[in-house]
Amino acid sequence: MSAAYPRLLAPLDLGFTTLANRLLMGSMHTGLEDGRKHFEAMAAFYAERARGGVGLIVTGGFAPNMEGWAKPLAGTLATHAAARRHRQVSDAVHAEGGKIALQILHTGRYAYQPLAVAPSRIKSPISPFTPRELSARGVERQIRAFVRCAALAREAGYDGVEVMGSEGYFINQFLVTHTNKRSDEWGGDYEQRMRLPLEIVQRVREAVGPDFIVIYRLSMLDLIPEGSSWAEAVQLAKAVSAAGATILNTGIGWHEARIPTIATSVPRGAFAWVTKKMRTELRAAGLTIPLVTSNRINTPEVAEQILADECADMVSLARPLLADAEFVAKAKADRADDINTCIACNQACLDHTFQNKLASCLVNPRAAMETVLLVRTTSTRRRFAVVGAGPAGLAAATTLAERGHEVELFESAAEIGGQFNMARRIPGKEEFAETLRYFGRRIAATGVRLHLDTRATAEMLIAQRFDAVLLATGVSPRDPKIPGQELPHVLSYVDLLLHARPVGARVAVVGAGGIGYDVAEFLVTPDGESPTLHLQEWLAEWGVADPAQVRGGIVPGRPTPPARQVTLLQRKPGKFGRTLGKTTGWIHRATLAMKQVRLIGGVHYERITPEGVVVSRGDDGRERQLVACDSVVLCAGQEPLRELHAPLQAAGVTVHLIGGADEAAELDAKRAIAQGTTLAAAL
């Protein structure tokens, strides 16, 4: 056991079984659950995390019946034949010495399919389908489906189940008057509204016996109007414990809530205080059931501190175990600096899920691709040059070296990171620095020869006779060719973010893509005062309150005043932020609204003057407007940097373009790291 993390790595005795440590791999939908063809990949995915030492794994959600599907033909465990298929997963985890529980997920009105059912016929804001209201007999059928699913999970070799009772799913929908308008025995006062989870937990326990883990995921902070009161949440926690739950897991926020809960802009461990509040209530009542806390816990230091502060008995990490399957093993070996830290970007995990793609991880493209993206030691050692130490170059260079190749990495700047050195300066994206720390460690561990402050030339590369050259030279800002852009108060996003050029009190941002949004957030935030780093300020800004004081734990937000007056301009008419991520775009839009950023779309840039930006609008361009400002920041896209490509090819050198040098598209680090890793694994 590591002396640095004695609480995190301490075993947890559940009576009939003992968990090796206090780290639970939280449930996360990867898409591997949704087809028989993915079971081999799912087994490999969870086996790798078990091999990494996690105390208990919880699978992505499986529906107990068709009505509970998240989408048509979603993963379901409802038959003995399905249970036999699941043996492949549970056996693989057990072979690595791990323990695994299956999550039973009934989506209720959140279902993106026409068979959806709910306590009342109330459409959710995140699904186009209006659910059918269940009859009393229909409710009973859903309960039996949960119980059958739990029994089948035991038959399938799982060590337990997690009953998903939070995040606004089916069980949660029965608990609050916001979604439960019933007047029968399943509605009305809270005693009757909470009958459903109690019946499910009690009957599940009866069906699976005393020596099977039953986790109940309880919504401790709904973050919606008409959500549960704190007294109701405590009452339910006590009743669920008495009904036979082994562990209480924490759920934060319904999916329809307009409060960010897991994005990178959320402070680390932002909601551990809620679990601590519940733990204090239960211990005062003499209940010793272990509590798990969750959300934005991505380092062993944060996890250890949460446990030291007695906020919980376990910590739940989901995406951090996508980023690094060896999280626990590295912590145990006092190698925390070698952990590939989750940056909570959501780009390859949650955004993929909403696009019906298999989830993976921006910083670890092997996640959920373990059977496809294989990094094998080479039998033929070759010499490679990688030019550019941005995300693509770092991924390619370290993967090549890991395989046993000789790698020279050339970077013209004084530090590694490329575009990440700008991204990490954006308020709420400080986590990006962790990726650079990780790659720095990987460079040292794999033996990559790093040459900083070195601008590689074609002559140099040709002379050294490399077997191949990988160009990861990145991008340069596109020239928008606006008359007047040479004026001294006009600068590029590179000037602002990388070179810290000063700007005035009123700023016009030209271009409203992802970079334009980042720049706007940078400009409205006082220098060095990101709310991500200050929990109480962040909670106040978004309107998160003590649930004991206000039902649902939500009040009007109190944003801090913007540091500057910012106007965001875009050529395209219509909605702003269309290229932003599905699960984080709304957060960026809400942030700019809170900071009173003015949005003007459908413009043509006529010229820049000392007074501001002159734009025209309308079909004939006659409607002209001066956007008055002191500074102008150009965020008008990027172009690939490829000046080495043609001379190297002409000299007969094998050349590969990766990252921005291959395609300049909104500084796409997900594509860059995946491309660099995949190419290096194949060379």
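Backbone geometry of segment 325-334 corresponds, through the Karplus equation with coefficients 6.51, -1.76 and 1.60 at θ = phi - 60°, to 3J(HN,Hα) couplings of 5, 9, 3, 5, 4, 5, 5, 5, 8, 6 Hz, x marking Gly and Pro. Any idea how far the Cα center of segment 541-609 sits from the one of segment 305-350, in Å? Centre-to-centre (Cα) distance: 30 Å.
Each residue of segment 595-606 is assigned a 3J(HN,Hα), and the resulting list reads 8, 6, 6, 7, 10, 10, x, x, 10, 10, 7, 7 Hz, derived from the Karplus form 6.51 cos²θ - 1.76 cosθ + 1.60 (θ = phi - 60°), x at Gly and Pro.
Using heavy atoms of the protein chains and a probe of 1.4 Å, the accessible area assigned to HIS255 is about 90 Å².
Got the relative contact order for the chain handy, in percent, Cα pairs under 8 Å and 6 or more residues apart?
Normalised by residue count, the contact order of the chain is 12 percent.
Here are a few candidate values for mean projected area of the Cα convex hull in nm²: [x] 31.2; [y] 37.7; [z] 32.8. Which one was actually calculated from the structure I just gave you? Calculated mean projected area of the Cα convex hull in nm²: the matching label is [x]. Convex hull volume of the Cα atoms of segment 204-298, normalised per residue: 113 Å³.
Taking Lys and Arg as +1 and Asp and Glu as -1, the other residues whose beta-carbon sits under 12 Å from that of PRO267 total -2.
Measure nothing but the geometry: give the 0 to 90° angle between the long axis through the Cα atoms of 432-446 and the longest principal axis through the Cα atoms of the chain, rounded to 10°. Tilt relative to the chain: about 80 degrees. In order along segment 77-88, the Karplus-derived 3J(HN,Hα) couplings, from 6.51 cos²θ - 1.76 cosθ + 1.60 at θ = phi - 60°, round to 10, 9, 9, 5, 5, 5, 4, 5, 5, 5, 4, 4 Hz, and Gly and Pro are given as x. A 24 angstrom limit on the alpha carbon distance is what I want to check against. Which of LYS71/LYS582; LYS575/LYS595; LYS71/LYS238; LYS238/LYS276; LYS123/LYS181 exceed it? Beyond 24 Å: LYS71/LYS238.
How charged is the neighbourhood of SER476? Take every other residue with its Cβ under 11 Å from the Cβ of SER476, and add Lys/Arg as +1 and Asp/Glu as -1. Neighbourhood net charge equals -1.
Each stretch of four or more DSSP H residues adds -39500 (n - 2.57); spread over every residue of the chain, this sum gives -9000 deg cm²/dmol at 222 nm. For segment 1-57, the relative contact order comes to 32 percent (Cα pairs under 8 Å, sequence separation of at least 6).
Rounded to the nearest percent, how much of the accessible area of the chain (1.4 Å probe, protein heavy atoms only) is carbon and sulfur? That fraction is 51 percent.
The values are calculated or read from the model by the stated rules, or taken from the named source; none is laboratory data. In this text the structure is predicted, and so the values were computed from the model without any measurement. Cβ atoms come from the backbone with ideal geometry, glycine included; neighbour counts cover every protein chain shown. Please note that ligands, DNA and RNA were not included when accessible areas were found on the heavy atoms of the full protein model with its side chains. Shrake-Rupley method; radii C 1.70, N 1.55, O 1.52, S 1.80 Å.
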